[in-house]
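Student: What follows is a structure written as structure tokens; I'll ask about it next.
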Amino acid sequence: MYVSEKRHLFQRGMKNGLPIGIGYFAVSFSLGIIMRNSGISPLEGLLMSLLNNTSAGEAAAVSIIASGGSYIEMAINQAVINIRYFLMSAALTVHISSNLSIPRRALIGFDITDEIFASLISQKKPVSEYFAWGLAVSTIPMWAAGTMLGIIFGDILSVSIVNALSVALYAMFIAVVIPPAKKDWKILAIVIVSMLSSFVFTLPFLSSHISDGVKIIILTLVISALAAVIWPVKEEGEDA
Amino acid sequence: MHNTYIYILVMAVVTYLVRVIPLIFFKNEIKSVFIKSFLHYVPYVTLSVMTFPAIITASGNSLWGIIGFSVAIIVSLIKGSLPLVASCCCLAVYISSLIF
């Protein structure tokens, strides 16, 4: 492959990543507000976002850090929350060139998120690693910068505005789960059961024994496994 | 006492391994229906568990939280756009905090 072609693919990746990056900025800014409320510093938030690129994972991590959970709890919690990336990564293996070297695969693996995955599999097979790196370059800095600015602005803005912004990330999570729940009653049932179970775990007799991080692990594993047994997903493709 | 940077290191290593192991070691897509179904449902469960009841208490006042939560659900039922749902929810909490 000529250098100019590599550069072209990289630039196309950057261009396709731009709208994703702008969306990331808004989400990670909301995440930064939550981090600030839990006492995470701008540098810590920047580093966490640079190295993780995951909204749900980082939001859960914040509550584990705030409650002083163990490193083991953190490790298991992150593995469970981010396990969907495992499926995406596995699905991606058939979209990239089988000759791609291990270091190059390892680099692509650093930035697999819901949006990046969707963009990668929409490309002609085999998807170029240069395209993937272009996506990463225009999205990861936005994600990290948004987080840090969220934490900084959380200190500058007035209390009532910060209070209002504190619900933004959760509202975005609702915007992710409700539209599919509207179309599929099984998803709706799962969302309702998950929320109710989560509420039960916050009642004093349970919350005094079980932290937020552990609650997420238990409920995610149990409810998802039950749902998979009761309603196995048959059709392939867009489920990822 | 735990160190925040060690927490960050632990989460970064775990999350990276989850992302990179299939890319390096798998030759084919996952075939098991159970595993695929399980992984299909995980995001809905995790996000729901994390959102509720955290959204109620996040703003510091449960009444504002309940109002914000209701607005987020209603708006995402009508039009599930991420920025729209988030803006309406924040605005609802902000207005509630001025009134109540």
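The values are calculated or read from the model by the stated rules, or taken from the named source; none is laboratory data. What you see is a predicted model, and the numbers here were worked out from it, not measured in a lab. FYI the Cβ positions are ideal-geometry reconstructions off the backbone, even for glycines, and counts take in every protein chain you see. Side chains are part of the model used for accessible areas, which takes the heavy atoms of the whole protein and leaves out ligands, DNA and RNA. Shrake-Rupley method; radii C 1.70, N 1.55, O 1.52, S 1.80 Å.
Student: For A:Thr54, only one of the following conditions fails: (1) within 15 Å of A:Ala144 (Cβ to Cβ); (2) more than 20 Å from the chain's Cα centre (by Cα). What is its number?
Tutor: (2)
Student: Let me ask something else about it. Is there any pair with a first residue in segment B:60-74 that is more than 10 Å from chain A (Cβ to nearest Cβ) and a second that is open to solvent by 50 Å² or more (accessible area, probe 1.4 Å) whose Cβ atoms are under 7 Å apart and which are 6 or more apart or on different chains, and what are they?
Tutor: Final answer for the pair search is B:Leu63/B:Phe100.
Student: Of all residues being assigned to a helix (DSSP H, G or I) and more than 8 Å from chain A (Cβ to nearest Cβ) in segment B:89-100, which is most open to solvent (accessible area, probe 1.4 Å)? Just the residue, please.
Tutor: Of the residues in segment B:89-100, the ones assigned to a helix (DSSP H, G or I) are B:89-99.
Checking which are more than 8 Å from chain A (Cβ to nearest Cβ) leaves us with B:92, B:95-96, B:99.
On the way: B:Ala92: 16, B:Ile95: 81, B:Ser96: 5, B:Ile99: 117 Å².
Only one residue tops the list, namely B:Ile99.
Student: Let me ask another. Of the residues B:Val20, B:Val33, B:Val13, which single one is more than 7 Å from chain A (Cβ to nearest Cβ) and over 29 Å from A:Val167 (Cβ atoms)?
Tutor: Details: B:Val20 fails: more than 7 Å from chain A (Cβ to nearest Cβ); B:Val33 fails: more than 7 Å from chain A (Cβ to nearest Cβ).
Going through B:Val20, B:Val33, B:Val13 in turn, just one is more than 7 Å from chain A (Cβ to nearest Cβ) and over 29 Å from A:Val167 (Cβ atoms): B:Val13.
Student: Take the residues in segment A:153-176 that are in contact (Cβ under 8 Å) with a residue 12 or more places away in the chain and open to solvent by 60 Å² or more (accessible area, probe 1.4 Å); name whichever of them is nearest to A:Asn99 (Cα to Cα).
Tutor: Filtering first and then ranking leaves A:Phe153.
Student: Test A:Met142 against the criterion of being of a type outside the set (Val, Ile, Thr), under 30 Å from A:Phe10 (Cβ atoms) and modelled with pLDDT of 95 or more, and give yes or no. If you could, list the steps in order and put the result at the bottom.
Tutor: Details: of a type outside the set (Val, Ile, Thr): yes; under 30 Å from A:Phe10 (Cβ atoms): yes; modelled with pLDDT of 95 or more: yes.
So A:Met142 fits the description; yes.
Student: Examine segment A:122-136 for a residue that is under 22 Å from the mean Cα position of the chain (by Cα), closer than 21 Å to B:Leu39 by Cα and modelled with pLDDT under 95, and state whether such a residue exists.
Tutor: yes
Student: Something else about it: Counting only residues that are within 7 Å of chain B (Cβ to nearest Cβ), give me the helices (runs of 4 or more DSSP H) lying completely in segment A:142-240 with at least 2 of them. Can you show your working first?
Tutor: Numbers: elements: A:159-165, A:168-183, A:185-201, A:204-207, A:212-230.
Qualifying helices (runs of 4 or more DSSP H): A:159-165, A:168-183, A:185-201, A:212-230.
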